[in-house]
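Structure first, commentary second.
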Amino acid sequence: MFQSTRLTLQSLIPQVTPTSKPVRWLVAAALLCLAAQAQPTRVRIGAIEFFGASGHDLASLRTALPVHEGSEVNAQEMNELLGRIRTVAKATDVALVCCDRRSPEESWTIFIGWPDGPGDGFRLSAAPHARLRLPAGGLALAESSWAVWQEAQAAGMSDTVKPSSDLDIKLRETELSIRHYTMRHGEQLRRILRNSGDPQHRAIAAHFLSYGRRSRVLVHALVAACHDPDEGVRDNATRSLMVLLRTDMRVTAWVPASELVAMLHSGHWSDRQRAAILLLNLSEEQNPKLLSEIRGRAWPMLLEMARWRGADQAGPARQLLGRAGGVDEPRLQVLLRAGSVDALLEAVSTIH
């Protein structure tokens, strides 16, 4: 529960990733549904991409992998296949992501990756162990809001839920309930996020906190949670940061951008993707210091991500690369809409 934010990350930057397709957190459930059908359903692997690949012989690795681009895989065998890929590649992360909206057919991408070396590397925090938990009322609110969210997702949410519909009203009432709860219990939620030994309770706290009172203390707590050892907590902390960035201009000055730049070195695909999206939001004002730090500490990572073939997955990195590389925004948007990756890379080729 409450790892739902992977679904929304890809729609937070509409000019780059205007898709409502589910991403990694929903993959397991989707595959289980496919596998439950009378006939075994096959999943098409459209692309295999890499990150943190410096020093790896990718040509040899592609040959050695137990699956190749264009293969169709039985959904029932997917989890086992991903484990075999991880073993063969000795990878930190093997991520299955669906689906590129620009592809003529629905196909999935496998991302295989490793962390970058020491120095600017991204490190996860040690797991906390305190016996802090949400009170019964907070946990019940989390469970009820999750049920409403699932109902909205099943209905297509932003695509089909109409204003003033019964479902829209339920969503609004749920959000108001979370806000009222968070305004009363914000300090307790921050303590749970920082110290609770239960990752589910930390994930709920990270989600709820985006509804509370905005402050520098809150922003720093969420940034710290981006290093949480549990991926669901990191997902929700990032989503909350994105909500704050998009609704309160003060938050831009409170976010320690260097922490997000470090995330681009992570050995987990979703960390890199989240970092690119957050930095994209922070870079809207063309802050020279931020853009300089991106060029100095994350340029190879962005180049690697920008070359991914899926426009939805590569879009945030491409736009961030263009901004940090000095491409003026109108031209950058033209290149992105046209999918002119080679032209974009040529435009920024003088940076390094």
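A few comments on the model shown:
- Filter result for Arg297 (farther than 25 Å from Cys98 by Cα, in contact with an Asp or Glu (Cβ under 7 Å, 6 or more places away or on another chain) and outside the structural domain of Val255 (by TED's automatic domain parsing)): yes
- Helices (runs of 4 or more DSSP H) (entirely within the range 163-243) containing at least 3 residues that are assigned by TED's automatic domain parsing to the domain that holds Trp254 and under 18 Å from the mean Cα position of the chain (by Cα): 199-208, 216-225
- Any hit, the range 317-329, residues being exposed (fewer than 14 other Cβ atoms within 10 Å of the Cβ) and over 19 Å from Gln273 (Cα atoms): yes
- Within the range 257-271, residues that are in contact (Cβ under 8 Å) with a residue 12 or more places away in the chain and closer than 17 Å to Pro300 by Cβ sit with their Cβ atoms under 9 Å from residues that are of a type in the set (Phe, Trp, Tyr) and surrounded by 22 or more Cβ atoms within 10 Å (Cβ to Cβ), at 6+ positions apart or across chains, in these pairs: Ser266/Phe51; Gly267/Phe51; Trp269/Phe51; Trp269/Phe111.
- For Thr252, the criteria (1) modelled with pLDDT under 95; (2) not in a helix (DSSP H, G or I) hold in every case but one, which is (2).
- Only one of Asp312, Asp342 that is part of a helix (DSSP H, G or I) and touching a strand residue (DSSP E or B) at 6+ places or on another chain (Cβ under 9 Å): Asp312
- Any hit, the range 275-286, residues being at pLDDT below 95, buried (at least 17 other Cβ atoms within 10 Å of the Cβ) and farther than 18 Å from Val223 by Cβ: no
- For Ala47: the one exception among (1) in contact (Cβ under 8 Å) with a residue 60 or more places away in the chain; (2) over 20 Å from Leu302 (Cα atoms): (2)
- Matching residues, the range 56-77, being among the acidic types (Asp, Glu) and within 16 Å of Gly46 (Cα to Cα): Glu69, Glu72
Condition check ((1) surrounded by fewer than 19 Cβ atoms within 10 Å (Cβ to Cβ); (2) within 26 Å of Arg216 (Cα to Cα)) across all residues:
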| site | (1), (2) |
| --- | --- |
| Asp248 | yes, yes |
| Val251 | no, yes |
| Arg307 | yes, no |
| Arg337 | yes, no |
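- Restricting the range 136-150 to residues that are touching a helix residue (DSSP H, G or I) at 6+ places or on another chain (Cβ under 8 Å) and surrounded by 15 or more Cβ atoms within 10 Å (Cβ to Cβ), the residue that is nearest to Asp198 (Cα to Cα): Leu139
- All positions within the range 339-352 that are crowded, with 19+ Cβ neighbours inside 10 Å and modelled with pLDDT under 95: Ala347, Val348
- Residue list for the range 50-91, restricted to those being of a type in the set (Asp, Glu), touching a residue at least 12 places away in the same chain (Cβ under 8 Å) and either surrounded by 15 or more Cβ atoms within 10 Å (Cβ to Cβ) or within 25 Å of Asp271 (Cα to Cα) (or both): Glu69
- Residue in the range 229-238 that is of a type outside the set (Phe, Trp, Tyr) and without any contact (Cβ under 8 Å) to a residue 40 or more places away in the chain present: no
- Considering only residues in the range 65-107 that are part of a helix (DSSP H, G or I) and of a type in the set (S, T, N, Q), the one that is modelled with the highest pLDDT turns out to be Thr87.
The values are calculated or read from the model by the stated rules, or taken from the named source; none is laboratory data. A quick note: this is a predicted structure, and the numbers were derived from the prediction, not measured. Backbone-built Cβ (ideal geometry, glycine too); neighbour counts: all protein chains shown.
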